[in-house]
Structure formats: C-alpha cells, structure tokens
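Okay, so here's the structure we're looking at.
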Amino acid sequence: MPDAEASLYALLGRFFAAEIDRDLFETLQVPDIRETFEKIEPGCTACFDEEAAAAEFCRLFVLPKGTPAVAGAWLKGTGSPNSTAIVGLVLNLRSALDLDLPDHLPPDHAGVLLPLMAWLLDHQPDAAADFREQALAPWVAPFAAALQEKAELPLYRVVAKILPALIPPVGTS
Amino acid sequence: MSEIKRRDLLKIGAGAALAAGAGAAAIPLVRRLADSAPPAIDIKKLVAGKLDYTRAKAVPTICFGCTTHCGVIGWVQDGRVRKIEGNPLDPNTQGNICSKAQGMISYTYYPERLMHPIKRVGKRGEGKWKRISWDEALSEIADRMRPLREGGVPEEFVFHYGRDKTKGYTKRFTNAFGTPHRLNRRSICSSNRRAPLMSFYGREFEWETQDFENTKYIVNFGGNPMEAYQGGLYMMHRIQKARVDGGAKMVTFEIRPSATASVSEDYFPIMPGTDGAVAFAMIHVILREGLQDEEFWNRWSNLPLEKLRESVKDYTPGWAEEQSGVPAADIERIAVEFAQAAPACCTMSNRGSAKHYNGVQADRAIRTLDVLVGNVGKPGGFCLSSLRGWAGRYGQEGLPKLSQPGPKPPNPKPWGIGEGYDEEAFKKLPDFVQERVNNFPEKWKKKYFGELATPSEYPLAWHWYQMRVGQLVYPYIKEGRQKVSVYMSFTLGASYGYPEANVAREVLQDESLIPFHVAIDIGYGEQAALADIVLPEATSLERWDHHSTNNYGLVPYTGVRQPLVEPAGETKSVQAILQDLAKRIGGGMEEYFAFESEEAFYKEWYKNLPVSWEDFKRRGIWYDEGREKDYELYERPLTDAELEGTAVEGDLVMKGGKAVGIMMDGKAVRGFPTPNRVINVYDEIWPEAAKAVGLPADDVNASPIAVYDTVPEHRDLGEDDYIFSTFKWNVHTQGRSGHWKYHAEIVHTNPVFMHPETGETLGVQEGDSVRVSVYRPKGHTYRGGEDGIMGSFENHVRFLSGMHPKVVACSHHVGHWEHGAVGASKNEATGPAEGTGPGAGNADPQAAPEKIWWSKGRGGIGGGVAINDALPINPCPLTGGQNWYDNVCKIEKL
C-alpha cells in the first residue's frame, strides 16, 4: 500500500489533473476521507453534479480569470526558483527516472507536480523534501488562497485549505 | 474548521492510500516506464538554471510576433524556449529583431493560455464551459459539417481567419470541403494599397520592395516602418543605413510624430486624406520643371505624358497647401529634390495615405511619382521583387519550384448560371445581387463566389485575387445574404478589433444566424468567448509553416517555421486539427490530408531546394547567394525556353492567349506582369467597376487616371469637428498582444492624443477625460450619409506637439475584456509566467500577480479603452478597404 502522505499528494493532484467525476467522488466517500473533508467544509461530500463540477473545473483551471494551477502564475518576486526552473526540474526528473508523467498538462502544473511528489515520497523520500521546497512551496500558498476565494464548489475549497497545511510556504515549515 | 492538523492530513492520506491500494482509478499514480531500479536523485542538481549557451540548443524558425515574419533563432534549454535572437542568415532582417519576437515566449508560456478543447455549457457568451477531449470536440464538429458537404451545401460552412500564415493549408481544407468561404481581414488592413499596385504592375506585385539600402531620397506618405509596417523590420535598418552612412533624406507626411517621423529629415503633420493632393502637386512641379524621366515614361507607361500633364495642371503646390496644410514651398522643394535624386529615390506609402475614401487614388498618384522619375526597378529606387510562393511566377524564374504536396483539392465552382457554375448556391442569393452579377462581364462572373467571399458591390476586392471585405461579413450574415450553418474562426479577433465590433458580437451571439461557432486560437479572447467549441492551437514556437516573402535585399529567399518545443498541454497545430477533422468528415476529404506527419508534409514541400532537409532546418533560411538582384526585371529578355510556342501580336509576345512579354527595341523582353506588359498608370478597370455597381462616374474612385477629391465627410468640417485617427505602437501587434506582459508594461493604455492648441480650443487639460463621438461617413459606402452619432468612447487626454491640430488619435491594441489578467489589466487575477520576457534567458522573474502595476485596482491608469465599437464600418467603394482614418468626431470634456 502506498505511503499515506504520498497518497494524499496523489489525491490532491487528481483534483487539478481533471474534473471531479463519479469515480473521484466515490473515492471521497472512503470514511477517513469523507469525515475529514466534512470536518473542513460541512456538506462538501453530500451531493454531486457532474456537469456543474465540469464547468467549475473549467472556470477555475482552464479559462483565464480563474486560478491557473501552474507555478508560473503565482511565483513572486525575483530570484530562484522560477517557473522555468521548475519546468526544467520536472523534465529532468522525468528523463532521469523514466517516469510516465501526464503529458496533457504543462510540467509546472499541480496536476503534474503533486503526483510527482507522491512518487518521490514513496521511492526517494530525501529527494521529495527538496522537491517540495523547490517546486511546490514557493507558490502553493498564494495559489491556494486564490482558489479558496474563487471556488464555488465546496470540494475545491477543501483542497485549497489542505494544500497550505500540507505544503507550508518556504521558511515556515 | 479553523486549522487543519497533521493528523487530519494523515487521515485523508490513509483513506487515499486505502483507495489507491484497492486500485481506485480516481487516484492515478505516477509510474516508471523502466524496470530497472531508479537512480538516486539529487534534486538540487536537476534544478534548471540560467541559460547556458553550452547546453542550450539553437533552433532557427520564423517569428510570428507580428505580420512581418523575421528569421529568428530560439534558444531551448530544459524543455523551454528561453531566448529569441535574430537569425543572421535571414537576408531580409540581416539578423535584426524587435521586441515583438519575445512576445512569442510571452504567449507560449502565458499561464492563462488555453490548453484544452472546451465546449460551451451555458448560453453563448455567458462564459460557462467544460473541458472536452479532442475526440469529442472534433467528432461533434465533423458531425455538424459532414451533412453540409453531403447535402450539397458546403458553402454553409464559413472559415474566417485573422492570422493565417499556413500559406494555403487552410485553403486546402476549405477547397476539399467545397466551400468558397475562406474569409479574411485584408480589407481591414491593406487592400486599398494593394489594389493600386496591382492595377499598375500586375497581380504578382501587390507589395513593393524599395531598394532602401541604396536610396538617396525617400518620400513617405503615412508609412510607419519604424513601428508597425508589415515588413518594417526589413526596412528600418536599411533606411537608417542609407540615411546615416549614405546621406539619404527621408520626408514623412503623417498625422502624428511617429517613430518614423522622428527619424525623418522632414516631417509634416498633414490633414488626413490629403496625401494625394501633395503627390499630385509634386507631379505638377516635376513636370513643370522638366525633371521627369521622359524616356522611361514613354517606354513603360500606358499614358501619354501630355495627358498626365493635363490631368495635374490644376494641382498646384498652392492648391495642395490649401488641402493638406503642407507649405507650398516645401512641396516645391521636395518634388525637385526627389526628382533630382532619381533614380535613387523612392516613395513609400501605407495605411496613412490609403485608408481613406480617396486613398486608392492617392496611392495611384504616389505610384505615378515613381514612374514619372523613372526609378522603377532601379538601384536605390522603387523596386518590385518576388513575393510569396515560388511556383514559377514572374520574378521567380530560375528558382527551385516549391509547392504544397499533392494531391490538391480543386477550387469550388464559381456561383452563377450556366455550365461550370454553382447554380444552386447562386439562386439563393438576393434578387438584386443575382441581377448585378448576371450583368457582370465574364471575367468577373468566373471569379464570383457569393457575397461573403466576393461581395458584388466591391468587385475590385476580388478582381486581382480574393482580398474580400471582411468588415461586411457580419452585416451581410445579419441581412441574410448568406446562410451559415457552421462558422469557424481562426486566430480572428473580429468581436474586439473589427470596426463596429459590436455588430460582430451581436451576430456571433445570435444562434439563429450562427448556429454553431468553432474558434481556433492560442488564447481565449473576445472571439472565442462567443464560440460553442474552442480548439486550443499550438503557438508559432510549436509548429510548422512555409515562409516566403519579398526581400528588401532584392534576392528571393525562403524559410521555414519549425517547432522548437512540443505543443504545450493538449494544444495542436492548426494543420493537425484540420487534418484530423478532414479524416473525420471523410467522403474523400481525407485523401487530401493523407500525409504521415507535419514534418513529412513540409519536407515534401521543400524537396526541390538544393540543400538537404536537415541542413535547411539547421539554417532556417535558403536563398541563392549568387543570384542577380531583382533590378529592372522588366528589361530582361525572354529566354529561348520562354519564347518557345510564342507569337508576336502587335507589340505583345503571346502564348496561350496571354501576353508573356513585349517587344522593345526589336527584342522580346518580359515587361511587367500586366495584361499589356506595361505600367498601367491609366486603367479602365476603375470606371468599369464603378459602372458595374452603379457608383457615379464622377466619384473619385471611378476615374481611370488618378484624380483628387476631398473625403466627402471632410468637405464641410465645422469648427468643432475633428478627425479621429488610430495608430500602432512598436511593441504591439493589432489586438493580439494586449496580454503579452512585458509589452503591456510598456504600452497598456491608449489616451486621446491631441495637439496642445487643440486642447486649449476644447478647454481641456492633459489628463482630463473626454468623450469622443464618431459620425458615419458620407460617401457611397455602407450606411453612408446616415445622420447622428454612430458610437462614442471615453478616455483621458495626452498632449503631443507635432500632432495635426485637427486630428485626435488613439492606439487600438488595448482595452480587452478577455485574454486573462494582463489583457484585461486586472491585478485581481493572475499574472503571467515570470522569467519569460526579454532577458528571460537569465530568468529575471518580475511578473507575480501584484506586478500588473498599471491596473486600476492598484491605483494605476488601467488597461485602456476598446474603441472599435465606435468606429463605423466604412468600406472604400470598389475595393472595400476599410477607411479607418476618415472618421469625423466631436469631443466633449467630461
């Protein structure tokens, strides 16, 4: 069985890689997940409307004026890392480890970075910590804050609350 | 819940692990493709760093930052294009580039770029979408299109593009489908300047190629190559070299002190629409002073010099001063200086002279100046060089033939009555249109393809080739002149950038007029927002294109746009999209798209180049370095091969019923690619077209020889009437660059520029807000003569000494409401990718969300105002070119 923390990253990555569908919604009914999600946002796992979920995903993560789930949209200030560095890191990792990463998303996309983090946690935990520091921590907090503000579907607000708890900004962990 | 604790996280993780362990498909896990044990990883060593020229790969390609298309080199490192440089092998640019080249990086890595096909789920225009797969998207589109083709009404599919540089690939698709409706926006841009050139010099020379490098004198009527001219980058370094190293002079007539005006020896703020008056007066002076090249004129023009003299006898410098405001003494001086510099002198003109009711005739007068002093085709003069294609046309003799791989679909039948015509489509047209077309001469009947592609009221928009009248597409659809079942827009921003853009939006919003709209574009702009399905396109850094255009070095060259990186996300090139769609539509369409890969298709296209494909890709550019420059092409003797099968009839060398040369001094030479092989200063096509559409014979556009008349709505200008004009900045490209962060930082708003004296007259100070209200035109044009204000916009004032005091002007690139955070100048949303602008090679990130510092939310000036709703649709009679610069307006202080 995969490591719990790794599985959490993989689960969160799934929210950004594609729409919430019936499969994902049913997975959220696993008691440990449902209870915690409900604790964070009461009622969030109660009902599911696939069309509405698809529209919400598109509004938030596909169209402009949403909350693009890519590092490049949220990194602040000058210095390193920047999205170019993160893209390079992901591509170099894919090449070095021969990983089958989602190819329908940009390399600095949360739908790529979070599952990659999950793999590293399972297989190379030391590298995982550095990866989180380099590729996720610099931008997840502002992204999550914007997502929390813009999301209409409660499940995305839950994810937006979990992300900064799991990945604190650089220097605060 | 106030705080999420670690145990909460682990609890979710445990649940997720349980589900994943049970094989839940909802939690996809990353897998290794290799069976071997993974190597230990040191993340810090894998972090991509600064651009390292020893590691980065240099790939040549062709820029698509604007319409000039310069040879560039992209540096690719760690999967990203990091920097763009000029390609020194490009004979046009000679290695130069402008800031817009870096825009390709901006739009490729813009975080709000559309990466997936999407389908509307709310009302059209409501902004509600869902992501769909390519399979779903293309299947639905094919299912909508197939019945039109199978049902014999392919013309109900309309393909409307803004930026198509596939050099005929999209035409392959529309032809294979069977529709003539491959519409464009040429009339918005340059048809008024192309038509006079083609009238004078023939179809092959719709764009001139001055030999700036060797010139001594340039007279520029409203061209702005230092900022915006198509081909400007090719021109600007040559102009500067001629000025700085060669002592050349440039004279510019413009309505504002543009960058080009600023490097001119003489700049005259000119009354809009009066460039022709100055040109006529120059002709008058040159003839009066006997400075014409009579030998050249008599040899190559089709008008006796005395007739020209007669036609300009009243166009004195004093008269021109009254019209234009340019001092008569200066016109005298410039005319003499220009003629004395001949043949190393040239004119230049563009939208400034041409986009007026009398603009076609103004450009014909300007073109006459060159013929009169005999500079045509001479070193330093007004030259004509091979344009696109390389299919063996005039000026392309001896070049390797390049053409799209076969099999090529046939063109659709023209619409009309009789054998060889599409009668069914024709009979659906309104009666008055059918009657007009039935009375057309045969030469036009054979070129008529309905009102959207070939509007019958504007025959000179399609006499030479289909320039079309894009700004009338939406009104015509609204009027019911053409039924549309599937409308596909491609890189088109009509609903933002066309005149009366609100009409475009109104029609696109109306599902009874446009039942199904597919938009193909690299971004989600105002046009895509009104679609039913949006297909995300690969950018110019991710796809192939053929490139060939005129070379100001006067040696034909070709280049290739090639992908530097894979298309991002799920985006696809338009070629891949249309290939897939053709296969799905089937019914034989797929036969024309049966190539194995895009690269294979382009490799075949270039197969006749005398270099290997790999070497061509490595260089990005090819030309014959030993080829003679394109001087005096018209004097070159026909070769023995060209003479084979010809017969001399009168002066003309005929072959297959067509003149291919002309006898001069007892020798057969090429002449010009016109029907009579000489320069048509006089052309009956203008009165013939006028008569065919009922344009009065005394209208300025109906004259066979260039004449001057004041723009109708400028005749009785009141004291408080002003002319509203638009212009372009050097860092923007039409409405397609408002979301390029680094360019938007430089120019993000569009104040109303006016002369300080104008401000004083109006009682406004710099920074005051004003309302600009525009009237409809008064000539023989769309809704011409209707009273009342057509549209208004409000903006703040900037003073600019050097403006013509009767003119107010705004740029038109900004004021978007789509295109994401930067395009709409909203700081509240997201910023662009950092480190992707100029200097990005060394990653200087500076574009976090709060960096849209000009947004009103941060107390900035905001993102400008969309002005195109307030500008009337105003096609020039006969050619249909949009008269952008005739607008009469009133200005109120707010």
Check your understanding: Does B:Arg32 qualify as being among the charged types (D, E, K, R) and under 23 Å from B:Arg619 (Cβ atoms)?
Key -> no
Point to revise | Identity of the residue in the range B:506-522, in contact (Cβ under 8 Å) with a residue 40 or more places away in the chain and open to solvent by 10 Å² or more (accessible area, probe 1.4 Å), that ends up farthest from B:Tyr161 (Cα to Cα) | key: B:Glu511
Check your understanding: Any residue in the range B:46-54 that is in a strand (DSSP E or B), at negative phi and surrounded by fewer than 24 Cβ atoms within 10 Å (Cβ to Cβ)?
Key -> no
Point to revise | Residues satisfying the stated conditions in the range B:191-214, i.e. out of contact with any helix residue (DSSP H, G or I) (no Cβ under 7 Å at 6 or more places or on another chain) and hydroxyl-bearing (Ser, Thr, Tyr) | key: B:Tyr201, B:Thr209
Point to revise | B:Lys57 being surrounded by fewer than 21 Cβ atoms within 10 Å (Cβ to Cβ), among the charged types (D, E, K, R) and farther than 23 Å from B:Gln734 by Cα | key: yes
Review point. Checking A:Asp103 against (1) open to solvent by 10 Å² or more (accessible area, probe 1.4 Å); (2) more than 8 Å from chain B (Cβ to nearest Cβ); (3) under 21 Å from A:Val140 (Cβ atoms), which single condition isn't satisfied?
Key: (3)
Review point. Taking the condition modelled with pLDDT of 95 or more, more than 7 Å from chain B (Cβ to nearest Cβ) and open to solvent by less than 10 Å² (accessible area, probe 1.4 Å), does A:Leu113 pass?
Key: yes
Check your understanding: Any residue at all in the range A:78-93 that is assigned to a helix (DSSP H, G or I), more than 7 Å from chain B (Cβ to nearest Cβ), open to solvent by 10 Å² or more (accessible area, probe 1.4 Å) and farther than 27 Å from B:Ala26 by Cβ?
Key -> no
Exercise for review: Output yes when any residue across the range B:249-261 is open to solvent by 50 Å² or more (accessible area, probe 1.4 Å), in a strand (DSSP E or B) and not hydroxyl-bearing (Ser, Thr, Tyr), and no when none is.
Suggested key: yes
Review point. Can you name the residue in the range B:523-564 that is in a loop (DSSP other than H, G, I, E, B), of a type in the set (A, V, I, L, M) and open to solvent by 10 Å² or more (accessible area, probe 1.4 Å) and, of all such residues, is farthest from B:Glu632 (Cα to Cα)?
Key: B:Leu564
Exercise for review: Could you tell me which of the residues B:Phe212, B:Phe200, B:Phe221 is in contact with a strand residue (DSSP E or B) (Cβ under 6 Å, 6 or more places away or on another chain) and more than 23 Å from B:Ala391 (Cα to Cα)?
Suggested key: B:Phe221
Check your understanding: Among the residues of the range A:53-70, is any at the interface with chain B (Cβ under 7 Å from one of its Cβ atoms), among the aliphatic types (A, V, I, L, M) and more than 30 Å from B:Pro536 (Cβ to Cβ)?
Key -> no
Review point. Just for the range B:69-126: of the residues that are open to solvent by 30 Å² or more (accessible area, probe 1.4 Å) and touching a helix residue (DSSP H, G or I) at 6+ places or on another chain (Cβ under 6 Å), which one is farthest from B:Thr549 (Cα to Cα)?
Key: B:Val121
Practice item. Tell me, yes or no, whether the range A:154-163 has at least one residue that is open to solvent by 40 Å² or more (accessible area, probe 1.4 Å) and within 9 Å of chain B (Cβ to nearest Cβ). Key: yes
Review point. What are the residues in the range B:229-248 that are modelled with pLDDT under 95 and open to solvent by 30 Å² or more (accessible area, probe 1.4 Å), if any?
Key: B:Gln230
Point to revise | Total residues in the range B:671-700, condition within 22 Å of B:Glu442 (Cα to Cα) and assigned to a helix (DSSP H, G or I) | key: 9
Exercise for review: Take B:Leu29 and decide whether it is open to solvent by 20 Å² or more (accessible area, probe 1.4 Å), within 11 Å of another protein chain (Cβ to nearest Cβ) and more than 30 Å from A:Arg34 (Cβ to Cβ).
Suggested key: no
Review point. Which one of A:Ala46, A:Ala52 is out of contact with any helix residue (DSSP H, G or I) (no Cβ under 8 Å at 6 or more places or on another chain) and under 30 Å from B:Ala824 (Cβ atoms)?
Key: A:Ala52
Exercise for review: Determine which member of the set B:Val59, B:Val76 is within 14 Å of another protein chain (Cβ to nearest Cβ) and assigned to a strand (DSSP E or B).
Suggested key: B:Val76
Review point. Looking at the range B:565-579, is at least one residue more than 25 Å from the chain's Cα centre (by Cα), at pLDDT 95 or above, surrounded by 16 or more Cβ atoms within 10 Å (Cβ to Cβ) and part of a loop (DSSP other than H, G, I, E, B)?
Key: yes
Exercise for review: Go through the range B:596-632 and give me each residue that's out of contact with any strand residue (DSSP E or B) (no Cβ under 9 Å at 6 or more places or on another chain) and under 30 Å from B:Gln210 (Cβ atoms).
Suggested key: B:Asn608, B:Glu625, B:Gly626, B:Arg627, B:Glu628, B:Lys629, B:Asp630, B:Tyr631, B:Glu632
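For (1) surrounded by 17 or more Cβ atoms within 10 Å (Cβ to Cβ); (2) part of a helix (DSSP H, G or I), each residue gets a yes or a no:
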position: B:Leu384; (1), (2): yes, no
position: B:Gly392; (1), (2): no, no
position: B:Pro409; (1), (2): yes, no
position: B:Ile417; (1), (2): no, no
position: B:Phe426; (1), (2): yes, yes
Point to revise | Residue pairs meeting the criteria (Cβ under 7 Å; at least 6 apart or on separate chains; first under 17 Å from B:Val373 (Cα atoms), in the range B:205-222; second open to solvent by 10 Å² or more (accessible area, probe 1.4 Å) and of a type in the set (Phe, Trp, Tyr)) | key: none
Check your understanding: Residues B:Leu9, B:Leu51, B:Leu89, B:Leu18: which one is at the interface with chain A (Cβ under 10 Å from one of its Cβ atoms) and touching a residue at least 40 places away in the same chain (Cβ under 8 Å)?
Key -> B:Leu51
Point to revise | Single residue of the range B:262-292 satisfying the filter (assigned to a helix (DSSP H, G or I) and open to solvent by 10 Å² or more (accessible area, probe 1.4 Å)) that is farthest from B:Val326 (Cα to Cα) | key: B:Arg288
Check your understanding: Going by the structure shown, is B:Tyr487 open to solvent by 10 Å² or more (accessible area, probe 1.4 Å), modelled with pLDDT of 95 or more and under 21 Å from B:Leu138 (Cβ atoms)?
Key -> no
Review point. Got at least one residue in the range A:13-20 being farther than 30 Å from B:Glu526 by Cα, facing chain B (nearest Cβ under 9 Å) and not small (Gly, Ala, Ser)?
Key: yes
Revision key, fill the gap. Quick count over the range A:23-51, residues being assigned to a helix (DSSP H, G or I) and within 9 Å of chain B (Cβ to nearest Cβ), is 15
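The values are calculated or read from the model by the stated rules, or taken from the named source; none is laboratory data. Keep in mind the model is a prediction, meaning the values are calculated, not measured. Heads up, the Cβs are rebuilt from the backbone with ideal geometry, glycines too, and the neighbour counts pull from every protein chain shown. What goes into the accessible areas is simple: the full protein's heavy atoms, side chains included, and nothing from ligands, DNA or RNA. Shrake-Rupley method; radii C 1.70, N 1.55, O 1.52, S 1.80 Å.
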